[in-house]
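K.L.:
Dropping a structure here in structure tokens format, bear with me for questions.
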Amino acid sequence: MGLLTPTRIVEEELLDEENAPAVDVDRSLRDLRRINRYLGGSSIYRRMILRLAPRAGRLSILDVGTGTSDLLDSLPEPLVSRRIGLDFKIDHLIYGRRVNRHRIAGVVGDATHLPFRSGSIDVVTSSHFFHHFEADENVAILTEASRVAGVGVVVNDTRRHLVPLMLVVALSMLRLVGRITRFDAPASIRRGYTIEEAERVARRVTAGRRAAIRLFPFRFGLLLWK
């Protein structure tokens with residue numbers, strides 16, 4: 001492990017708490033949407049889907065751990081036939097329904113037991129979700145996603161690295177984000193994976209083909225084709 005790769009530390013994130021104050025939760029959800037919009041999350045999400053299925057036509061897409069479904073909402077109309085966002089917190093889905101432009105079916109559910117038939121969704125995605133779980137849990141989540149997917153699975157997350165960690169610490173110190181984000185953003189990077197660690201997880205999941213991709217800036221992507 002390099003000098004710029006800190007040891008992985010598991011910390012519970014405040015947004016996952018059951019009784020976080022509503023005003024803080026709303027601010028954190030706004031922060032996350034802005035980060036995706038202005039720091040490349042939305043464009044990476046779209047490019048990864050196109051890389052998985054460049055000639056598939058319009059796709060049904062299930063986003064697991066979707067939060068407010070802003071990434072699903074950012075996809076252009078010609079790419080998507082159906083948008084489904086799954087999250088374990090109904091408040092996040094309700095927030096998204098208020099602000100998203102497109103019609104997105106919100107589903108409250110568990111990523112390890114998806115309430116969909118095998119092969120019933122073209123592409124299953126997750127973004128900044130992988131780091132929440134240990135390796136064995138991610139194997140189970142990816143295996144379940146692959147069961148539901150007809151074409152394949154797309155994952156992306158921030159790599160555990162000193163540079164993005166220092167960036168989010170600076171944002172926190174400057175008070176450019178809310179109270180929850182000031183804690184959760186550094187915690188999520190400290191809890192994250194390197195691309196090599198993520199690739200080892202992906203190799204434990206049955207797939208017709210798989211790829212681990214280094215993404216700019218300081219992200220990784222996993223692609224699992226059926």
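Just so it is clear, none of the values below were taken in a lab; they were calculated from the coordinates. Since the structure is predicted, the reported quantities are computational estimates derived from the model, not experimental observations. No Cβ is skipped: glycine too gets one built from the backbone with ideal geometry, and neighbour counts run over all protein chains shown.
K.L.:
Kindly put HIS161, HIS102 in sequence by how many other C-beta atoms sit within 10 Å of each C-beta, fewest to most.
P.N.:
So the residues, fewest neighbours to most, are HIS102, HIS161.
K.L.:
Still on this structure: Based on DSSP H runs of at least 4 residues, each adding -39500 (n - 2.57), what is the mean residue ellipticity at 222 nm of the chain after dividing by all its residues, to the nearest 500 deg cm²/dmol?
P.N.:
-12000 deg cm²/dmol
K.L.:
Nearest-5 percent of antiparallel DSSP beta bridges in the range 14-225?
P.N.:
Of the beta bridges lying entirely in the range 14-225, close to 45 percent run antiparallel.
K.L.:
If contacts are Cα pairs under 8 angstrom and at least 6 residues apart, what is the relative contact order of the range 14-225 in percent?
P.N.:
20
K.L.:
Between THR206 and LEU176, take the C-beta separation as r, use R0 = 35 Å, and let me know the FRET efficiency to the nearest 0.05.
P.N.:
0.25
K.L.:
Figure the gain on full extension for ARG101 and THR194 (residue separation times 0.36 nm, minus the Cα-Cα span) and round it to one decimal in nm.
P.N.:
30.1 nm
K.L.:
Test of the criteria: in the range 119-203, which GluC sites (Glu not before Pro) are in a DSSP loop and have at most 12 other Cβ atoms within 10 angstrom of their Cβ?
P.N.:
Taking the range 119-203 and a limit of 12 other Cβ atoms within 10 Å, the loop GluC sites (Glu not before Pro) found are GLU134.
K.L.:
Can you pull out the trypsin sites (Lys or Arg not before Pro) in the range 79-132 that DSSP calls coil and that have at most 11 other Cβ atoms within 10 Å?
P.N.:
ARG101, ARG103, ARG117
K.L.:
Going through the range 1-106, which GluC sites (Glu not before Pro) have at most 15 other Cβ atoms within 10 Å and a DSSP loop state?
P.N.:
Sparse-neighbourhood loop GluC sites (Glu not before Pro): GLU11, GLU12, GLU17, GLU18.
K.L.:
Please list, in chain and number order, the residues 5+ apart from ALA149 or on another chain whose amide H is under 5 Å from its amide H, with Hs placed from the backbone.
P.N.:
GLY119
K.L.:
Using only alpha carbons, build the gyration tensor for the chain and give me the equivalent ellipsoid semi-axes, biggest first, whole Å.
P.N.:
Value: 25, 21, 16 Å, ordered largest first.
K.L.:
Same structure, new question: With 10 angstrom as the radius, rank ARG209, ARG8 by how many other C-beta atoms surround their C-beta, starting from the fewest.
P.N.:
ARG209, ARG8
K.L.:
Length gain on complete extension for the stretch ARG51 to SER81, per 0.36 nm per residue less the alpha carbon to alpha carbon distance?
P.N.:
9.0 nm
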